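Here the structure comes first, spelled out in structure tokens, and everything after it is commentary.
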């Protein structure tokens, strides 16, 4: 009998080369000279985007055991190829220009831009529309200073513009990554899985491809609460398509255990649990439903993307300063 995951996923993912990395905390030394060499190589090939990868992230990739021989460190050439593949993917999907695209959507609407580059203008408006659902945003940190990306499934569209929805997640991921404190290289995702829309296979596969190709080793933990039949179906569908190291980072918890589990993850414990998951933290103060939002410029953007970035930058600076002492 053919599995549903084989039907919708294997063909789409067959061209992605993924080494199923060891789930190991072992780290090998990487010299300053090697780091400088990697940096120089990236700067030469990707002069406009190489600073996207922090020294801490490069070191985290380079210092891991080699999957073919865990007793040694990854060869330098292997690490450089792995990092190059991330940067090539970013160019192919236009990741470095997503914020410029959002600013275009935010106006003022330029009739000349719409006429001269109608495809880009259309994609810009679609990106803003996907963010406007307010279904994904950064808010707060975990206990190790990792940014927390919240997903509100009940706000997800039933019939998403797949490209725009993936681009929305991409611009959010990049914003959080660029603001990470020194030494932090990954993030946490917490999904409010109440009332999710019906699974959209094309979106799920596109999202998984983006995570594998563009954000390797970036996800520290994905928590979904509460456990329900739709979420279990999605997990069962996607898990066989994932590298085992990525699959091991998915955690499903019940509504009854959510306070205890979330308190152990979030920086301020129970104080940080949002109202929609049984706590008292009002996320809707900054991220209300789309119908309660005002336009943030002269264009199509209602979601407070730029305010979110400023608030995240502030809390990350406060965390870094506190932990320096």
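The values are calculated or read from the model by the stated rules, or taken from the named source; none is laboratory data. As the structure is a prediction and not an experimental result, all values here were calculated from the model. Here the Cβ is made from the backbone with ideal geometry for all residues, glycine too, and neighbour counts use every protein chain on show.
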Legend entry - Filter result for residue 222 (in contact with a helix residue (DSSP H, G or I) (Cβ under 7 Å, 6 or more places away or on another chain) and either at pLDDT 90 or above or surrounded by 13 or more Cβ atoms within 10 Å (Cβ to Cβ) (or both)): no
Inset, instruction - Of all residues in the stretch 14-37, count the ones that are modelled with pLDDT of 90 or more and either at positive phi or surrounded by 12 or more Cβ atoms within 10 Å (Cβ to Cβ) (or both). - result: 4
